[in-house]
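Where a number appears in this text, it was derived from the coordinates with a stated rule and is not lab data. Since we're looking at a predicted model, the values are computed, not measured. Backbone-built Cβ (ideal geometry, glycine too); neighbour counts: all protein chains shown.
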């Protein structure tokens, strides 16, 4: 489902295999019915290659003290804003900085600082932010913040428009998956996959809030659906990561899920089966071993193709007004922004590319690296503004001849 995200993900720094094989949750050889990470057969080569470099680094992290896993809610105001961008990048023509952007807060905890360095060097969150910005138009900036929380968690802060991913969560995942991972590759895929699932789950909450999307059921279930669909859009690599998220919930269930009946979250076992159902429903033949292995009951599996089709259609329809034009074309729906009229000698695409070049020109290398994930969002805004207002040829020509953002800002005045 390319309309959600053509994910380049962590896999920017982690090597890929050219040979694609479908991930499996087969429990062959296992009496516990656990998913792929615990079974005797090896995980797909693609999943193994994905986690290789990052898995080696994560395996070397020594998580000594068990992370705090209390279910107590975190007050977002207690989470530091150190490291967040303090100034927007200069724009013009009424275009302001919007979209997802990434920041890292340093940690005084030696273990957490290792996670900080691993994530910042492999740029998996920057890759995710850039692809999201190429897919969805947001009304404001959303900061993806990696930070200490003193609690295992990831959550969306609606007041400050932050998606907070706690280093404590990665420490927890390393502790959970290390005993059952048969290799560093599996550990990398499991930890990064579960982390990204949690991140995209919180992204779902953010989209529902910022775009004022309607929900008719539990928002937590909706957020799980968004996370699963986004990861599935990357094919076998993404499915392997979605299965890591599912396996996390399965382990919670097996260890004695203490989710209260009144909680807004479903039980771990329910969330596990819901993820498997969406993946299986997308291609029952490819994922037939979900059923033959006994991981997905046949009674549920029969409903999964219909369930997947309904969920996919619902989210495409809800997000359609906010998709970029390229994303809309990918799922064959009407582009939300009118196309540029063909009469102009200079296209809106040319104007948008020139605008980006002017914005980037005065920045030093570190500033350019920081703003790179946001550039697709800027470009989409310029395209929309130019097409909607049908900028005249004189204004387009003026921007193309401008030597600076200040010069371009005078165009059309």
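Just a few scattered comments:
- The Cα-based radius of gyration of region 285-356, divided by its Kirkwood radius, gives an Rg/Rh of 1.28.
- Rg/Rh for region 97-178 (Cα atoms only, Rh after Kirkwood) is 0.99.
- Pair-distance distribution of region 348-413: all C-alpha pairs, bin width 10 Å, starting at 0; shares per bin in whole percent are 22, 54, 22, 3.
- Of the peptides 211-222, 164-175, 364-375, the order by per-residue mean of other Cβ atoms within 10 Å, starting with the highest, comes out as 164-175, 364-375, 211-222.
- Cα→Cβ-extended label distance, 7 Å offset, between residue 361 and residue 326, nm: 2.4
- The largest-to-smallest principal axis extents of the Cα set in region 301-341 are 48, 14, 10 Å.
- Distance between the pseudo-spin-label points of residue 409 and residue 75 (7 Å out from Cα toward the beta carbon): 4.0 nm.
- Rounded to two decimals, the Cα-based Rg/Rh of region 267-413, with Kirkwood Rh, is 1.21.
- Scaling the Cα radius of gyration of region 164-218 by the globular reference 2.2 N^0.38 Å produces a ratio of 1.45.
- Global geometry of region 131-288, whether rounded, prolate or oblate, following the gyration tensor of its Cα atoms and the 1.5 cut on a/c: rounded
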